[in-house]
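Take a look at the structure set out below.
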Amino acid sequence: MKILVGVKRVVDYAVKVRVGADGVNLKNVKMSLNPFCEIAVEEAVKLKENKAANVSEVVALSVGPKQCQETLRTALAMGCDRGIHISTDLRTDYMELQSDAVAKLFQKVIEEKEKDIHLVLVGKQAIDSDCGQVGPALAGYMSWPQCTFASKVDLDGDGLLVERETDSGTETIKVPKLPAVVTCDLRLNTPRYATLPNIMKAKKKKVDTYKAEEFGVDLEVKNKVLEVYEPPSRKEGILVDDVDTLIDKLRNEASVIQ
Amino acid sequence: MLSTIARRGRLLSTSISIRCASTLIIAEPASDVSALAPSTLAAISAAQKLHSGPITLMLNTSIDPSVVPSSISTILNTNQSDSLAETIAAAVKKAQETYSFSHIVAPATKFGSNVLPRAAAALNCSPITDIIDILSEDTFVRPIYAGSALAKVQSTEVVKVLSVRSTAFDQAEVDGSSATVVDLDVEKQILTEFVKANVSKSDRPELSSANIVVSGGRGMKNGENFHLLEALADKLGGAVGASRAAVDAGYVPNDLQVGQTGKVVAPDLYIAVGISGAIQHLSGMKDSKTIVAINSDAEAPIMQVADYALCQDLFKAVPELTEKL
């Protein structure tokens, strides 16, 4: 089985972003591997370590500026075998290069560069754009089965048995045959820390770079961002001393209880 | 002279596009077939803001028009036993080929997020998801960066494929429609099979649409202690929610999670108990009308966000609050 894992370079989850006239200010802001992509990498590496899965290779794919090579090195240090960097200076945090174009770039990689992919693992959403669209869109373009919000992935004959999170709990979906696209949710696994020996080994692993324009995908933004602004801020709150005061405020000031 | 002709041409094409405007709503599968899900009613209300053209509702089963808002003029019944993305995306493609909608709208729930991008790909369209405001038939507002920023975005696609956040729109009134029910023939797909569902059953109001939510975090220490919050929720007639930390630790099931990657709620009253208030959790509840925080840590970020912050041991404060209400 050959696995393709999407890894996105995003603003670190702990950063409090500041909004400027041109969008969120990314200058000198700490960037990291998107947490859900990290979970996808971990799942791919776990499958590789599972002899029954018979994984030949795990390829990590990242779309963005040259610093994505660092993101790819993290994925390689966690256990991916090779990296592909699709280089673009277009902003990937919803402002310029959006999910639909990214899904089409993934499609081109699968159809033209890595022709024998059996499984695509991506994070369920990126924490900058919060779209969650690349996985299902790619599955749609490829006409492949999809399982989003996966919380458990098991091998099942020629396919998979996937437990996924829903609005009311979980459900189990059977994928009779690969290839398929799976998007990874929070509780699928706990990503490993890359050890120092693996970080050193990762430096020698192969990373191919292509320009985004090479693939003939229309990169023009279809949903134009006209303006980015901060949401209205809440009125400042108060400290209450005891439960009696709280009840009084909720009843008589906020009027939210009887 | 030329500019006048150009202007008339633009006006003509605009009026043509408004005349042909019509919307398809992808209904949330309702556990109860005698009523539409609250998220579907919110999607209908959102659709009413797009244009004045007809609105069609697509479901996987038959529904009585009397439990459907009057703004719905046609009901499409796909007669499918499952709600898998592959099934519904194929149904949307068939519906679009038959009726040529200008807008396709789904609720921005886990269901909608699973289905809509695949349906958009089937139509070779770039969708806009998690919309919180509709400014015109092609311009919308959606949050990015866990809601720390809002983006005003304009779709240039001929067909606008959209998902709308349920808490941002009122539920459309169920005043009964005179809609005709039409069968939509959809070929059965074989890419995936539904095996089983694990659904949490509760008599309490549904978390996403409840007016009052009592939510617990890591401070609850274990799952059994959640009964304190359940008692408070029952006294208030509210729902129970949780932070990611509480779900990850196994205190409560995943469908209680409130946050950037869980449910987004906007009740009249949100009581956060033993929750520190990380950015990701705030993103899921900061549109609540009134926020109360009960936490023994005065420095917890949630204490700055809350309208009323009670710095006390929750194991003392919550039972006292429940008793005195």
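When only alpha carbons are used to place a centre, segment B:139-192 and segment B:292-325 end up 37 Å from one another. Considering only alpha-carbon pairs that sit under 8 angstrom and 6 or more positions apart, the relative contact order computed for segment A:33-123 is 32 percent.
Taking a straight Cα-Cα cut-off under 18 Å and skipping sequence neighbours fewer than 8 places away in the same chain, the lysines within cross-link reach of B:Lys221 are B:Lys316.
The equivalent ellipsoid that matches the C-alpha gyration tensor of segment B:98-140 spans semi-axes of 17, 15, 9 angstrom, in descending order. For chain A, a Gaussian network of Cα nodes joined below 10 Å ranks A:Asn223, A:Asn28, A:Asn189 by mean-square fluctuation, and the top entry is A:Asn28.
The overall shape of segment B:152-259 is prolate: from the C-alpha gyration tensor, with semi-axes ordered a ≥ b ≥ c, the ratio a/c is 1.5 or greater and a/b exceeds b/c. The modelled label-to-label distance for the pair B:Ser202/B:Thr156, using points 7 Å beyond Cα in the direction of Cβ, is 4.4 nm.
Of all beta bridges that DSSP places with both ends in segment B:90-181, some 55 percent have antiparallel geometry.
Against the main long axis of the alpha-carbon atoms of chain B, helix B:110-122 sits at an angle near 30°. Checking every one of the chymotrypsin sites (Phe, Trp or Tyr not before Pro) in segment A:100-197 against DSSP loop status and a limit of 14 other Cβ atoms within 10 Å picks out A:Tyr193. Taking Cα atoms only, the orientation of helix B:85-99 departs from the longest principal axis of chain B by about 30 degrees. For the peptide B:20-33, the mean number of other protein chain Cβ atoms found within 10 angstrom of a residue's Cβ is 0.
When the P(r) is computed for segment A:1-46, the part past 13 Å accounts for 62% of the Cα-Cα pairs.
Across peptide B:168-179, the mean count of Cβ atoms from other chains lying within 10 Å of each residue's own Cβ comes to 0.
Taking a straight Cα-Cα cut-off under 16 Å and skipping sequence neighbours fewer than 8 places away in the same chain, the aspartates and glutamates within cross-link reach of B:Lys324 are A:Asp241, A:Asp242, A:Asp244, A:Asp248, B:Glu230, B:Asp234. Phi-derived couplings, Karplus 6.51 cos²θ - 1.76 cosθ + 1.60 at θ = phi - 60°, listed residue by residue for segment A:108-123: 5, 4, 5, 7, 10, 9, 10, 6, 10, 6, 9, 8, 10, 10, 10, x Hz, with x used for Gly and Pro. Couplings 3J(HN,Hα) for segment A:129-139, derived from phi with the Karplus relation 6.51 cos²θ - 1.76 cosθ + 1.60 (θ = phi - 60°), are 7, 6, 8, x, 9, 4, x, x, 5, 4, 4 Hz, where x marks Gly and Pro. In order along segment B:296-308, phi translates into HN-Hα couplings of 7, 9, 5, 8, 4, x, 5, 5, 7, 8, 5, 6, 10 Hz, rounded to whole numbers, per the Karplus curve 6.51 cos²θ - 1.76 cosθ + 1.60 with θ = phi - 60° and x for Gly and Pro. Among A:Val24, A:Val122, A:Val63, which one shows the highest mean-square fluctuation when chain A is modelled as a Gaussian network with alpha-carbon springs under 10 Å? Ranking A:Val24, A:Val122, A:Val63 by mean-square fluctuation puts A:Val24 first. Within the accessible area of chain B, the carbon and sulfur atoms contribute 51%, probe 1.4 Å, all protein chains present.
Of the cross-linked pairs A:Lys104/B:Lys152; A:Lys113/A:Lys205; A:Lys2/B:Lys93; A:Lys174/B:Lys110; B:Lys160/B:Lys289; B:Lys188/B:Lys263, those separated by over 20 Å at the C-alpha level are A:Lys104/B:Lys152; A:Lys2/B:Lys93; B:Lys160/B:Lys289; B:Lys188/B:Lys263.
Between A:Thr209 and A:Asn25, the contour length at 0.36 nm per residue exceeds the alpha carbon distance by 63.6 nm. Using Cα springs under 10 Å in a Gaussian network model of chain A, which residue among A:Ser129, A:Ser32, A:Ser168 shows the largest mean-square fluctuation? Largest GNM mean-square fluctuation: A:Ser168.
Shape descriptor for chain B: Rg over Rh equals 1.03 (Cα atoms; Rh from the Kirkwood inverse mean 1/r).
Taking a ≥ b ≥ c as the square roots of the eigenvalues of the Cα gyration tensor, an a/c ratio below 1.5 marks the protein assembly as shown as rounded.
Using the Kirkwood radius over Cα pairs, work out the Stokes-Einstein diffusion coefficient for segment A:164-239 at 37 °C and 0.692 mPa s, in µm²/s as a whole number. The calculation lands on 164 µm²/s. Straight-line cross-link partners of A:Lys235 among the aspartates and glutamates, defined as a Cα under 13 Å from its Cα and at least 8 positions apart when in the same chain: B:Asp287, B:Asp307. Near B:Gly216, the amide H atoms lying under 5 Å from its own belong to B:Gly241, B:Ala242, B:Ser243, B:Val273; only residues 5 or more places off or on other chains count, and H is placed 1.01 Å from N. Here the contact order of chain A, divided by its residue count and restricted to Cα pairs under 8 Å and six or more residues apart, works out to 23 percent.
Taking Lys and Arg as +1 and Asp and Glu as -1, the other residues whose beta-carbon sits under 12 Å from that of B:Ala249 total +3. Relative contact order for chain B: 14 percent, from Cα pairs under 8 Å spaced at least 6 residues apart, divided by residue count.
Among the GluC sites (Glu not before Pro) found in segment B:222-313, those both in a DSSP coil and sparsely packed, with 11 or fewer other Cβ atoms within 10 Å of their Cβ, are B:Glu224, B:Glu299.
Using only the C-alpha atoms, the convex hull of segment A:61-133 corresponds to 98 Å³ per residue. Counting only trypsin sites (Lys or Arg not before Pro) that DSSP places in a loop and that have at most 10 other Cβ atoms within 10 Å, the longest clean stretch of chain B runs over B:1-187. Computed over the alpha-carbon pairs of chain A, the distance histogram in 5 Å steps reads 1, 6, 12, 16, 17, 14, 10, 8, 5, 4, 3, 3, 1, 0 percent, short to long. Give the shape of segment B:171-325 as rounded, prolate or oblate, defined through the alpha-carbon gyration tensor: a ≥ b ≥ c are the square roots of its eigenvalues, a/c under 1.5 means rounded, and otherwise the shape is prolate if a/b is larger than b/c and oblate if not. In terms of gyration-tensor shape, prolate. Under a 5 Å amide H cut-off, with hydrogens placed 1.01 Å from N, A:Arg91 pairs with A:Glu96, A:Leu97 among residues at least 5 apart or on other chains. Of the GluC sites (Glu not before Pro) in segment A:150-258, the ones in a loop by DSSP (not H, G, I, E or B) with at most 13 other beta carbons within 10 Å are A:Glu220, A:Glu236.
Annotation for A:Arg18 and A:Glu230: the two label points, set 7 Å from Cα along the Cα-Cβ direction, are 1.0 nm apart.
The values are calculated or read from the model by the stated rules, or taken from the named source; none is laboratory data. None of the values given here were measured: they were computed from a predicted structure. Virtual Cβ from ideal backbone geometry, glycine too; neighbours counted across all protein chains shown. SASA here: full protein model, heavy atoms, side chains in, ligands and nucleic acids out. Shrake-Rupley method; radii C 1.70, N 1.55, O 1.52, S 1.80 Å.
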